[in-house]
Amino acid sequence: MDGKRIQDYWSSEVDALVRTYQQFETLIPAPQGAGAAHRGEDGRFVEDLLREYLTRHLPNGLEVLTGFILRPAVKTGESGKERKAEMDSHSKQLDIIIFDSGNYPVFQRFGNSVIVPPEGVVGVISVKKHLNDGDVKKECAALFEAATLCETLASNDRNDKVRGPYLAIVSVRSNIEKIKTDVLDWVFTSTQEAYAGQSGVTFDKLVGFIGALDEWSIFKRRPAKTLIEAEYVGFKHQHGESHLGLQFLLTGILSVFYDETRRNMRRPGYTAFPSGRAHDKKLGAVPCKLLR
């Protein structure tokens, strides 16, 4: 197989993304050290930059947003009451939410900031300007929580679940310093520690990608037919391999979006009527004999 043109294309895209960020640092430099003068704006610029690149390359029905996932404890599908023992719950603020707005409604929207139901969430990405020592465990925990909120059934009322959203931690550069081993080994060990002791761990709830776009990538491989563990592999980007990180992201998001469990869509939990509220008056009926 070839694909060299595609690899070169994605490498150019990543190189352009990194250069754009470097230009931001040049124009708004920090008085001391690397980065821009205002850390908050620096981080938001990186999020905006990644959102722009993902939006450019994802299908029109997918939006790249920021905000919260709200899981209301209401009926889903036609008569699904799988949430009857739950309470309304929501995520922390998430840097990037890949949302299927072509098929699912949004609770609230203000620009790119949204509150969305879990059924339409295709991906969740934590974005860091520089990936620091404490970020891996913290972001894995936040992504696990978001993925748990997104556990939903398929279109019918059986107990088969749809494939969960793609989860990723993305940085422009790695700033991990407290290591005595290889950076890939250190990050993977931190990933293992993030899930140690967690209950309800499934393959879908484990982070799918961690990487510094132009330096290295850690990728969760496809599950084996007999699933007993999630296998991760690492890549140190060689010359001309800056395409790896962005390709892993796009491949993961699209694999969820096109997964067969998501093609027959389940109606989201979106409305909530008072339990036991009777109608005030029976008005009558209009004759009809055909459904459509």
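Compare the Cα positions of Ser275, Ser217, Val121 along the charge dipole of the chain (+1 at Cβ of Lys, Arg; -1 at Cβ of Asp, Glu; about the Cα centre) and return the one farthest towards the positive end.
Ser275
Between rounded, prolate and oblate, where does the range 58-151 land on the alpha carbon gyration tensor, with a ≥ b ≥ c its root eigenvalues, rounded for a/c under 1.5, else prolate if a/b exceeds b/c? Can you show the working numbers first?
Numbers: a/c = 2.30, a/b = 1.37, b/c = 1.68.
Oblate, because a/c is 1.5 or more while a/b does not exceed b/c.
Please give me, ordered by residue number, the trypsin sites (Lys or Arg not before Pro) of the range 108-176 that lie in loop per DSSP and have at most 15 other Cβ atoms within 10 Å.
Numbers: sites: Arg109, Lys128, Lys129, Lys137, Lys138, Arg158, Lys161, Arg163, Arg173; in loops: Arg158, Arg163.
Those satisfying the criteria are Arg158.
Pull up all non-local amide H partners of Arg266: gap of 5 or more, or a different chain, and H-to-H distance under 5 Å with H placed in the peptide plane.
Close amide H contacts, sequence-distant or interchain: Ser155.
How big is the dipole moment of the chain about its Cα centre under a simple scheme where the beta carbon of each Lys and Arg is +1, that of each Asp and Glu is -1, and everything else is neutral? Debye, nearest 20, please. Let's see the in-between values first.
Working: 39 positive and 38 negative charges, 295 e Å.
The dipole magnitude comes to about 1420 debye.
For Ser11, Ser113, what ranking results if the residue with the fewest other Cβ atoms within 10 Å of its Cβ goes first?
On the way: Ser11 20, Ser113 13.
Starting with the residue having the fewest Cβ neighbours, the order is Ser113, Ser11.
Enter the angle in degrees (range 0 to 90, nearest 10) between the Cα long axis of helix 183-195 and the first principal axis of the Cα atoms of the chain, meaning the one along which they spread out most.
So the inclination is approximately 30 degrees.
As a test of the formula, what do you get for the chain when each DSSP H run with n ≥ 4 contributes -39,500 (n - 2.57) and the sum is divided by the residue count, at 222 nm and rounded to the nearest 500 deg cm²/dmol? The partial results should precede the final answer.
Values: 5 runs with 86 residues, N = 292.
Per the formula, -10000 deg cm²/dmol.
When the expected Rg is taken as 2.2 N^0.38 Å, what fraction or multiple of it is the alpha-carbon Rg of the range 4-262?
Working: Rg = 18.5 Å, N = 259, 2.2 N^0.38 = 18.2 Å.
Rg over 2.2 N^0.38 Å, computed on Cα atoms: 1.02.
Which far-off residues, 5 or more places away or on another chain, put their amide H under 5 Å from the one on His90, with H placed in the peptide plane?
Arg71
Shape verdict for the range 169-265, please, from the Cα gyration tensor: rounded (a/c under 1.5), prolate (a/b greater than b/c) or oblate.
Details: a/c = 2.23, a/b = 1.28, b/c = 1.74.
Judged from the Cα gyration tensor, the range 169-265 comes out oblate (a/c at least 1.5, b/c at or above a/b).
Output the relative contact order of the chain, whole-number percent, from Cα pairs under 8 angstrom with separation of 6+ residues. Provide the component values of the computation, followed by the final result.
Numbers: 494 pairs, mean separation 56.4, N = 292.
Computed value for the chain: 19 percent relative contact order.
With unit charges on the beta carbons (Lys and Arg positive, Asp and Glu negative) and the dipole taken about the Cα centre of the range 4-262, which residue among Leu184, Asn132, Phe203 sits farthest to the positive side?
The one lying farthest along the dipole's positive direction is Phe203.
When His243, His279 are ordered from fewest to most other Cβ atoms inside 10 Å of their Cβ, what list results?
Details: His243 20, His279 6.
Sorted ascending by nearby Cβ count, the order is His279, His243.
Could you check what % of the DSSP bridge pairs in the range 4-262 are antiparallel, to the nearest 5?
On the way: 26 of 42 bridges.
If I count the DSSP bridges inside the range 4-262, around 60 percent turn out antiparallel.
Greater than 24 Å separation of Cα atoms is the criterion. Which listed pairs, Lys84/Lys137; Lys137/Lys220; Lys138/Lys205, meet it? Kindly include the intermediate steps, with their values, before the conclusion.
Numbers: Lys84/Lys137 32 Å; Lys137/Lys220 16 Å; Lys138/Lys205 15 Å.
Pairs exceeding the cut-off: Lys84/Lys137.
So how long is each side of the range 115-242 along the principal axes, counting just the alpha-carbon atoms, biggest first, in Å?
Cα spread of the range 115-242 along its principal axes, largest to smallest: 49, 36, 32 Å.
Return the long-range amide H neighbours of Glu82 (sequence gap of 5 or more, or a different chain), with a cut-off of under 5 Å between placed amide H atoms.
Thr76
Of the listed peptides 99-108, 116-125, 194-203, what is their order by residue-averaged count of other C-beta atoms within 10 Å, with the highest listed first?
On the way: 99-108: 16.0, 116-125: 25.9, 194-203: 12.1.
My ranking of the peptides, most packed first, is 116-125, 99-108, 194-203.
Spelling out what I want: for every residue of the range 243-259, take phi, set θ = phi - 60°, compute 6.51 cos²θ - 1.76 cosθ + 1.60 (Karplus), and round to whole Hz; glycine and proline get x.
Taking θ as phi minus 60°, the curve returns 5, 4, x, 5, 5, 4, 4, 5, 4, x, 5, 5, 5, 6, 4, 9, 4 Hz for the range 243-259.
Each value in this text was obtained by applying a stated rule to the coordinates, not by laboratory testing. Owing to the predicted nature of the structure, the values given are computational and were not obtained by experimental measurement. No Cβ is skipped: glycine too gets one built from the backbone with ideal geometry, and neighbour counts run over all protein chains shown.
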